[in-house]
Amino acid sequence: MKAAAKEAPSPPGGGDEKLLVEAAQRDPRRFADLYEANFERVYTFVARRVHVRVDVEDITSEVFQQALANIGKFAWRGVPFAAWLYRIAANAITDRWQRTSREQGSAAADDPPAPAGHADTEQIEHRAHLYRLVATLPTEQHRVIQMRFAEEKSIREIAAAMKRSEGAIKQLQFRAIKNLRAQLDKKPSQRARKAHD
């Protein structure tokens, strides 16, 4: 008989994540929950920019060491914790590349990492905004979007988990995406006005 898999902490960006951050700020031993919730994300982010596995592992480890050391300085602003980790990772990648370039001379300059500049920051902020909008969806739509895109599950897997037909899951996904598009198409002033109503 298989042992039950350890359930991961709630998805990043929501109120549960804020509680995880606050707990880690009070007691660094609680940082393990944030580590488990974000490890794959950070590893993937680094692996897309660095192609040597040992370096990917080293940089990922360095990101979480820095995050733990600086968790007290993290200020919650509603943006997923992963966005902060991505910034640390981008800086660590750049630092590693610059250090390697200095040590090896110009040979390493031929293969710089993908830049993590203003465009990455905008993309992270756009994703954070989108994540906040996903959190406002009706419960079942929210769950489908989370499972489909954050957890990368297939329609079949989601249908089995939610005990619904694949057609019903496709319909929920369609409605959720339609709702998100409508929210994204609104002008900022309309969103602000709606928030105050």
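The values are calculated or read from the model by the stated rules, or taken from the named source; none is laboratory data. Since the model is a prediction, treat every value here as computed from it, not as a measurement. Positions of Cβ are backbone-derived with ideal geometry, glycine not excepted, and every protein chain shown enters the neighbour counts.
Structure summary
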read-out	value
Test: residue in the range 93-106 that is at pLDDT below 70 and of a type in the set (S, T, N, Q)	yes
Candidate set: the range 131-142, residues that are out of contact with any helix residue (DSSP H, G or I) (no Cβ under 7 Å at 6 or more places or on another chain) and without any contact (Cβ under 8 Å) to a residue 60 or more places away in the chain; chosen: the one farthest from D16 (Cα to Cα)	P138
Close pairs (7 angstrom Cβ cut-off, 6 or more residues apart or separate chains): at pLDDT 90 or above in the range 145-164, loosely packed, with under 15 Cβ neighbours inside 10 Å and not in a helix (DSSP H, G or I) anywhere	A159/S165
Selection from the range 2-34 of residues that are over 18 Å from V63 (Cβ atoms), at pLDDT 50 or above and among the hydrophobic types (A, V, I, L, M, F, W, C)	L19, A23
Test: R175 is part of a loop (DSSP other than H, G, I, E, B) and surrounded by 14 or more Cβ atoms within 10 Å (Cβ to Cβ)	no
Residue check, E140 at pLDDT below 75 and out of contact with any strand residue (DSSP E or B) (no Cβ under 7 Å at 6 or more places or on another chain)	no
Test: residue in the range 71-84 that is at pLDDT below 80 and not β-branched (V, I, T)	yes
